[in-house]
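The block underneath contains the structure these notes are about, expressed in structure tokens.
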Amino acid sequence: MWLKKVESISVSGIAKNLGMSSGRGRSCGPCPHCGAEQRGSTDKRGPIGFRRDDLGWKCHKCESGGSGVDLVCYSICGLNFKSASDSDRDKTREWFEQSKDIEMITPEKAQKMSNARPPAQEVQSLWRSSLKLHEVPKDDLIFSFLASRKLDLEALARTGVARVTPNRSAYQWPKWWPGGRSMTWRLIVPAFDADGRFCSIHGRAVRETNGAPKTLWPSGFQAGGMFMPNRHAVKMMKGKPEDIDGVLFVEGITDFIKVSSVAERESIKLAVLGGTSGSFGSVGKLNIPDGVDVFVGTDPDLKGDEYARTIQMQLGSRACYRLPLAEVEGGEGERP
């Protein structure tokens with residue numbers, strides 16, 4: 001099949017053949033979906049960034065992204081390949097047939113360039129060494145943080161989706177997660193690729209960060225295409241779904257642990273998937289069973305609206321339902 005033949009074509013080479021302008025730091029523009037020509041008012045890089053293995057891309061303005069095939073299809077018809085009509089798919093195929101001089105990425109080169117995830121053994125070791133909530137001393141500041149979010153701590157503990165990093169002096173920290181983080185970004189949740197492989201962690205600050213980000217991914221590695229799933233979602237991602245009541249996408253760590261806790265408390269078999277920037281472009285790769293309702297609970301702001309549109313595009317013609325969340329200052333308060 002022609003799609004298989006073009007999977008190893010350099011995405012940066014495709015962008016060049018499409019007439020896009022190269023920018024600083026492995027970027028290009030304009031975006032064929034939103035038309036942005038630069039990443040931000042002070043960030044002059046092109047809006048599109050390339051994956052380290054040069055086999056994928058993402059627009060940092062509108063969150064569109066995908067494979068090289070999607071980049072061509074967006075340029076031709078304004079949609080990703082999955083959502084395109086048969087005639088536009090044919091036009092995409094014809095474009096590749098007429099483009100003969102684009103660099104092919106060999107498997108060896110792709111492996112060398114990817115460096116996408118931190119070492120699996122180090123990720124699993126840190127998670128195993130982190131504390132379950134019932135193992136944490138009751139005077140730990142983590143409980144003040146969780147209480148301020150009005151979480152059901154017993155239900156959250158039963159979900160198993162969050163742990164507390166070890167004490168700074170009690171662990172041999174990897175380079176991608178320095179021990180100093182354990183003082184502030186103490187709450188961690190596991191992150192999985194769309195196929196259900198545990199491959200990273202995501203951390204949340206539990207006290208004032210003094211201008212630093214509230215959440216962190218491992219340093220030096222990519223975070224795109226990963227989700228924070230509860231146990232029902234993990235089974236679904238691995239192609240072994242239970243009889244679930246629905247699938248719910250939410251935005252960020254805090255809403256992920258909130259919803260997971262509520263579902264646990266109410267005994268609702270809900271597959272909950274938390275995402276961040278770069279996650280929702282991989283929704284189409286998930287093993288979502290036919291006939292299961294899909295809900296979107298992203299924030300009621302411009303970014304949340306864009307995430308919702310990306311999820312719907314990834315689902316194609318499949319219906320999904322946007323939950324009417326209340327506006328909450330900072331996106332961190334209690335939701336009704």
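Between the amide H of residue 64 and those of 59, distances stay under 5 Å, these residues lying 5 or more places away or on another chain, with hydrogens modeled in the peptide plane.
The H on the amide N of residue 246, modeled in the peptide plane, is under 5 Å from the matching H of 271, each at least 5 residues off or on a different chain. Our coupling estimate for the range 190-203, obtained by passing each phi through the Karplus curve with A = 6.51, B = -1.76, C = 1.60 and θ = phi - 60°, is x, 10, 10, 5, 4, 8, x, 9, 5, 9, 6, 9, 10, x Hz, Gly and Pro reported as x.
Considering only 253, 236, 221, and ranking their Cα positions along the charge dipole of the range 207-253 that arises from unit charges at the beta-carbon of Lys, Arg, Asp and Glu, the one farthest toward the positive end is 221.
Taking 23, 68, 46 in turn, the Gaussian network model of the chain (Cα-Cα springs below 10 Å) assigns the largest fluctuation to 23.
Taking the Cα centre of the range 97-250 as origin, sum charge times position over the Cβ atoms of Lys and Arg (+1) and Asp and Glu (-1), and report the length of that vector in debye to the nearest 20.
Once rounded to the nearest 20, the dipole reads 480 debye.
Note on the range 170-313: with charges restricted to the Cβ of Lys and Arg (+1) and Asp and Glu (-1), its dipole about the Cα centre is near 720 debye.
Could you work out what % of the accessible surface of the range 190-229 is carbon and sulfur, using a 1.4 angstrom probe and leaving DNA, RNA and ligands out of the count?
The value for the range 190-229 is 51 percent carbon and sulfur by accessible area.
At the listed q of 0.06, 0.07, 0.09, 0.13 Å⁻¹, the Debye profile of the chain, built from one uniform point per Cα, gives log10 I(q)/I(0) equal to -0.22, -0.31, -0.51, -1.05. Electrostatic bookkeeping for residue 124 treats Lys and Arg as +1 and Asp and Glu as -1; over the other residues with beta carbon under 15 Å from its beta carbon, the sum is +2. Cross-link pairs exceeding 25 Å in C-alpha to C-alpha distance, out of 44/285; 235/285; 235/258; 214/258, comprise 44/285. Each principal axis of the Cα cloud of the range 277-321 was taken in turn, and the coordinate range along them, longest first, works out to 30, 19, 14 Å.
By DSSP, the beta bridges lying fully in the chain are antiparallel in about 70 percent of cases. In terms of packing, defined here as the mean over residues of other Cβ atoms within 10 angstrom, the peptides 184-197, 30-43 line up highest first as 184-197, 30-43.
A dipole drawn for the chain from +1 and -1 charges on Cβ atoms has a positive end, and of 166, 314, 325 the residue lying farthest that way is 166. In the context of the full set of protein chains, the chain has a per residue accessible area of 49 Å² (1.4 Å probe). The distance from the alpha carbon centre of the range 138-215 to that of the range 298-315 is 26 Å, rounded to a whole number. The relative contact order of the chain comes to 13 percent, based on Cα pairs under 8 Å that sit 6 or more residues apart. For the range 183-336, how big is the tail of P(r) above 25 Å, as a whole percent of Cα pairs? So the pairs more than 25 Å apart make up 25 percent of the total in the range 183-336. No disulfide-compatible partner, judged by a Cβ distance under 4.7 Å, exists for the following cysteines of the chain: 28, 73, 77, 199, 320. The magnitude of the dipole of the chain, with charges of +1 and -1 set on the Cβ of Lys/Arg and Asp/Glu and taken from the Cα centre, is near 1040 debye. When the chain is treated as a GNM with alpha-carbon contacts under 10 Å, the residue of 294, 161, 136 showing the greatest mean-square fluctuation is 136.
The values are calculated or read from the model by the stated rules, or taken from the named source; none is laboratory data. As the structure is a computational prediction, the values presented were derived from the model and not from experiment. Note that each Cβ is placed from the backbone with ideal geometry, even for glycine, and that neighbours are counted across all protein chains shown. Keep in mind that these areas ignore ligands, DNA and RNA; they rest on the heavy atoms of the full protein, side chains included. Shrake-Rupley method; radii C 1.70, N 1.55, O 1.52, S 1.80 Å.
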